[in-house]
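One structure is given here, and the rest of the page talks about it.
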Amino acid sequence: MQELFKTDDFVFACDMCDLFGPWVPSELIHKILEGIVPMPGRFLFLTKNPARYLEFLTTLQKTNCLLGVTLETNRDTSAYSKALSPVERWEFFYDLEYSPKFVAVEPIMDFDLNIFPDWLFNITGLESVAVGYDNYDNYLPEPPLAKTMQLIDRLEKAGITVYRKTLREAWNLG
């Protein structure tokens, strides 16, 4: 078998789709996961449907995967998304018996500084977080850059690796 990846490769698997969405057949997910079991490298999966990870946990535990969830805020997003609410996503993900974990706070939406950082701190096995503003002119309710920087500072002081993506002043404050 020809090696597609090297030991130090990092692969964002299915980066333009949600492999764990409810519309994806279980058989397809099993085939993909079984295909990466023997592969070297590290694989990132990101979803807005983290409850579905439970269905594949036995196979995932045989891999070198980083499981992720998108949490763009702690507030209601129903006006902007048909995905599970952020609180539902967090509840399914925070104590999922798997490590390591990753959170994408992207695209960041305004959040409560007295609640959202604690959500992230309470996720067992959290290794890293990516934080970034929207790149697609969706005009979401964004926090001021200073507030975002406070979040990043708190995460880094807690020992969580933060990947700074698109950071800029919020469109709605200009």
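When you restrict to C-alpha pairs under 8 Å that are six or more residues apart and normalise by the size of the stretch 105-170, the relative contact order lands at 43 percent. Among 144, 25, 107, the residue with the largest mean-square fluctuation in a Gaussian network model of the chain, with springs joining Cα atoms closer than 10 Å, is 25. For the chain, the pair-distance distribution built from all alpha carbon pairs, in bins 5 Å wide starting at 0, is 1, 8, 17, 21, 19, 15, 10, 6, 2, 1, 0 percent.
Take the chain, mark every one of the GluC sites (Glu not before Pro) that falls in a DSSP loop and has at most 11 other Cβ within 10 Å, then report the longest stretch left between them, sites excluded. Write down the numbers at each step before the final one.
Numbers: sites that count: 3, 97.
Between exposed loop sites, the widest span is 4-96.
For the chain, the longest principal axis of the alpha carbon atoms and the long axis of helix 145-157 meet at an angle near 50°. Compared with the dominant Cα axis of the chain, that is its longest principal axis, helix 26-36 is turned about 80°.
Computed from the alpha carbon atoms alone, the convex hull of the stretch 1-56 holds 87 Å³ per residue.
Got the relative contact order for the chain handy, in percent, Cα pairs under 8 Å and 6 or more residues apart?
Relative contact order for the chain comes out at 17 percent.
By the rule of a C-alpha distance below 27 Å, with chain neighbours fewer than 8 residues away ignored, the lysines paired with residue 157 are 48, 101, 147, 165. Spatial offset of the stretch 61-120 relative to the stretch 21-36 amounts to 21 Å, using the alpha carbon center of each.
Each reported figure results from applying straightforward, stated rules to the coordinates on display, with no laboratory input. None of the values given here were measured: they were computed from a predicted structure. All Cβ positions, even for glycine, are placed from backbone atoms using ideal geometry, and neighbour counts span all protein chains on display.
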